[in-house]
2 protein chains.
Amino acid sequence: MARLSDPAILIPDARAGDRRALGRLITIVENGDGIASDILAEVFPAGGQAWTTGLTGAPGAGKSTITSRLIAAARESVDEMAVVAVDPSSPFSGGAVLGDRVRMQDHIDDHGVYIRSMASRGHLGGIAAATPRVVALLDGIGFPEIAIETVGVGQAEVEIAGNADTTLVVVNPGWGDSVQAAKAGLLEIGDIFVVNKADRPGVGETVRDLTQMLELGEQSEWSPPIVPTVASTGEGVDELWRAIAEHRVFLKTSGRLDELRSRRLVAEMESALMTSLRDQVRSSVPAGEWAELTRRVAGRSVDPWSAATQLLGALGVASE
Amino acid sequence: MARLSDPAILIPDARAGDRRALGRLITIVENGDGIASDILAEVFPAGGQAWTTGLTGAPGAGKSTITSRLIAAARESVDEMAVVAVDPSSPFSGGAVLGDRVRMQDHIDDHGVYIRSMASRGHLGGIAAATPRVVALLDGIGFPEIAIETVGVGQAEVEIAGNADTTLVVVNPGWGDSVQAAKAGLLEIGDIFVVNKADRPGVGETVRDLTQMLELGEQSEWSPPIVPTVASTGEGVDELWRAIAEHRVFLKTSGRLDELRSRRLVAEMESALMTSLRDQVRSSVPAGEWAELTRRVAGRSVDPWSAATQLLGALGVASE
């Protein structure tokens, strides 16, 4: 059954539109097995073309409805689009999760749309490390548009959504929501703020609060627009696409896009290096020994620095 | 000149009150040389006794004046107190920086008070990694009270101040300040909020805003009190000490203190391990080669995963 795991077959199949082959490749990359780096390196030269859009905001803010609208808009100009739905709190994963299909059921029959959920697999480095690799894979396979939607606003999710070319922060009307957004660190990462469910009361106040809070921060070349929408009816969605298009033009003309992408690549190199090193330490030390050492450090019967030296020794690397 | 660097002499001298010996030990630990781990391991068994108080807030909020008040209060019950002033943006460091002495000049003649500034040395792991080690050193040398004051509210500073037993967040009256605190992530880490310069208008609104914002978050066993002070005159300072004392009682009686400290030790073990691994990679790869590889990754002429494998190879550790 070489076909099931051989990248030399899976990659061209995935590029030809075979979603099962693509799904297998993603699983390999997600699990971070040794072959994952080979796959990523193999598809890399064809990559660097995808536009990535991150969506974050509290659960229930309407991110999936906006993603669904984004798919519809994107599919007018591109053949294929991928959506990566990130849920660090869920132990389930896989491309066939019912939830995704329900959430984005408008596109269930559209072969040009590929939706994949990513959930915490408990592996080292975690979902925050795995997501950019899956996005790099989708980019290298040839998807020109990739949306990355997070379920909530945990630290990993904010980091993931903030790593896209354009990051949309979705809030709802009401004083609490904009402050919650501030607390979650969303004001720092948003390129565009969407006040969704704008048919509810309080939208004016929310726009004003966000405006004031954004003005308090450091000003940059790009002033994030705040766009009220009612994604369920489509109201405001055209304005949102215009804002996204303007942000893309800004990124290209200002040179920020190259800068952003270069920085992400270097961060990925360092992340890959540290993940490999950590994995190797973990695999060099029996799990029981690691747990025992952690317990002793927690109880102050071993100091953390001697424990670290002991773990380094297990890797066969002498401490300096 | 073995005396200058021999921990076997420096440690007992520092414990006997020799500030120059202590300063040398701190410098060694801060620089993260090989001997640093030995020093930390050596003093560790005597440690675990210090109470640590973190102070963070925007520049100009009055953290140093509050620290000075904290010193005065602490010195009524303990013989010695150490203050670590953290400034990641400054390239200068050392215990004799004029700024510290000016800021805390009330205590300049008090031999029981040891003030040390830490600034970014550009070394790997950075100031966020070095500060807990310096604090562990001061703890193991015998300081029963350690204050950790940050200059601003950058990410590293927030992380550092948040790692104390009790974290004080200092804001000033005015709508903007409480929102800035939220944006900087301070609402998540504050055990006690100090509205300093409370002789200025707007203190009631700030207390109310903070109260509302704190109520929006996840509730925990400890509800952070909000204490208005005028640190320059001493107004409200007694209430602040009461709040700090109550937090200490809470930490002890709830079991949170043991939990917090155990978690910090395990985090330190992992940080020490990763810092060592990273240092070893760096020292195995010529600086020019590292820069060249980074440049090539940034320019997409090498993929990040192959680059990471190349760096791992330099360490003599094969990729999995």
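Let me confirm something: among A:Ala50, A:Ala74, A:Ala14, A:Ala46, which residue is modelled with pLDDT of 95 or more and away from chain B (no Cβ under 14 Å)?
The conditions single out A:Ala14.
Here is a check on your reading of the model: is B:Val237 surrounded by 15 or more Cβ atoms within 10 Å (Cβ to Cβ) and modelled with pLDDT under 95?
Yes, satisfied.
Name the residues in the range B:276-306 that are crowded, with 20+ Cβ neighbours inside 10 Å, out of contact with any Asp or Glu (no Cβ under 8 Å at 6 or more places or on another chain) and closer than 29 Å to A:Ser306 by Cα, would you?
Listed by number, the residues that qualify are B:Leu277, B:Val281.
Do we have B:Ser262 as more than 8 Å from every other protein chain (Cβ to nearest Cβ) and either under 21 Å from the mean Cα position of the chain (by Cα) or surrounded by fewer than 19 Cβ atoms within 10 Å (Cβ to Cβ) (or both) here? Give the derivation first.
Details: more than 8 Å from every other protein chain (Cβ to nearest Cβ): no; either under 21 Å from the mean Cα position of the chain (by Cα) or surrounded by fewer than 19 Cβ atoms within 10 Å (Cβ to Cβ) (or both): yes.
It is false that B:Ser262 is more than 8 Å from every other protein chain (Cβ to nearest Cβ) and either under 21 Å from the mean Cα position of the chain (by Cα) or surrounded by fewer than 19 Cβ atoms within 10 Å (Cβ to Cβ) (or both).
Given (1) facing chain B (nearest Cβ under 10 Å); (2) in a helix (DSSP H, G or I), identify the lone condition not met by A:Arg300.
Answer for A:Arg300: the failing condition is (2).
Listed residues A:Pro132, A:Pro173; which is at pLDDT below 95 and more than 28 Å from B:Leu214 (Cα to Cα)?
A:Pro132
Tell me which residues, restricted to the range A:307-320, are aliphatic (A, V, I, L, M) and surrounded by 16 or more Cβ atoms within 10 Å (Cβ to Cβ). Let's see the steps before the verdict.
Of the range A:307-320, the ones aliphatic (A, V, I, L, M) are A:307-308, A:311-312, A:314-315, A:317-318.
A:Ala307, A:Ala308, A:Leu311, A:Leu312, A:Ala314, A:Leu315, A:Val317, listed by residue number.
Give the residue, chosen from B:Arg282, B:Arg278, that is at the interface with another protein chain (Cβ under 9 Å from one of its Cβ atoms), more than 30 Å from B:Ala61 (Cβ to Cβ) and basic (Lys, Arg).
B:Arg278
The values are calculated or read from the model by the stated rules, or taken from the named source; none is laboratory data. All of these numbers come straight from a predicted model, not from anything done at the bench. Here Cβ is always computed from backbone atoms with ideal geometry, including for glycine, and neighbour counts include all displayed protein chains.
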